[in-house]
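Shown next, in C-alpha cells, is the structure this report addresses.
The values are calculated or read from the model by the stated rules, or taken from the named source; none is laboratory data. Bear in mind that the values here come from a model prediction, so they are computed numbers and not experimental data. Positions of Cβ are generated from backbone atoms using ideal geometry, with glycine treated the same way; all protein chains shown enter the neighbour counts.
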Amino acid sequence: MPSAIAEIPGLTYSPDYLNSDEQAQLLTLIDQQTWLTDLKRRVQHYGYRYDYKTRKVDENFYLGPLPEWLTPLAKRLHTDGYIADAPDQAIINEYEAGQGIARHVDCIPCFGDTIISLSLGSACVMVYTEIATQHEVPILLTPGSLVVMQGKSRYDWMHAIPARKSDVLHGQVIKRGRRVSVTFRKVILQH
Ligand SMILES: O=C(O)CCC(=O)C(=O)O
C-alpha cells in the first residue's frame, strides 16, 4: 500500500479495477447519455438526484433503479465486497483539465458509510484533508482505479479535486486531460 493511503484511515485504493477495454466501453456508454449542465462541470445522476442547493437527497428525488448499463458494475462492487449493500445511487462527474470539485464530506444523513469512486479517462490528484487537523494528503487516482471511503476517511476527512490543469506529485508534473468519475453510494431514507 503506498504510504500516503495509509495516512488516511478507512481509505482503500484499488488500481486497475477495470481493464482498459472495460474502461473504454463504460466511457462510451456514459457519453451516450444526457449530461446535466447546471454546474461548471457536467454531471449525470442515477437512482436519486442529489440536490446541490440543499446538499441532500430524499425520497422525492428518486429517479428509478440504476440503468441497465450501470447495474452490473454496481452489483460487482457489492459481490467483490467493496460495499455491504448494492449501491442505488450514482453520480457521474466530468472534469475537463482545469476543472475540479470543492472539498467536502459526502452528505452524512443521505448516504451510507461507503462511498466508491471509479476513475476513467485522465488521472488526477484527489486531496484529502483531515477536518480536525487540516492535514492534507494528495492521492493520485489513475484510470480504472477505485477509491473507497469508509470510516474516518468517509466522515472525518474532506476530499477535493483542485481546479488545475496539472498536478505535481513527488516532484513530478502530471498533466490532466478529461477525467470522468462514477461515484456509487447507498441512499439512506429518513422516515
Ligand atoms: O470525482 C470524484 O472522484 C469524486 C466525486 C465526488 O467527490 C462527489 O461526487 O461528491
note = Reported set for the stretch 56-98 where residues are at pLDDT below 95 and either within 16 Å of the ligand (Cβ to nearest atom) or assigned to a helix (DSSP H, G or I) (or both) is Lys56, Val57, Glu59, Asn60, Phe61
task = Any residue in the stretch 30-46 that's within 17 Å of Leu73 (Cα to Cα): show its pairings with residues that are among the hydroxyl-bearing types (Ser, Thr, Tyr) at Cβ separation under 8 Å, as long as the two are six or more apart or on different chains.
result = Gln44/Thr34
ask   = For the stretch 99-142, what are the residues that are assigned to a loop (DSSP other than H, G, I, E, B) and in contact with a Lys or Arg (Cβ under 8 Å, 6 or more places away or on another chain)?
value = Gln99, Gly100, Val105, Asp106, Cys107, Pro109, Cys110, Gly112, Asp113, Thr114, Ser122, Ala123
key: Whichever residue in the stretch 151-191 is touching a Leu at 6+ places or on another chain (Cβ under 6 Å) and β-branched (Val, Ile, Thr) and, among such residues, is farthest from Leu39 (Cα to Cα)   = Val182
note = The condition of being among the hydroxyl-bearing types (Ser, Thr, Tyr), over 25 Å from Gln190 (Cβ atoms) and surrounded by fewer than 16 Cβ atoms within 10 Å (Cβ to Cβ) holds, among Thr79, Thr54, only for Thr79
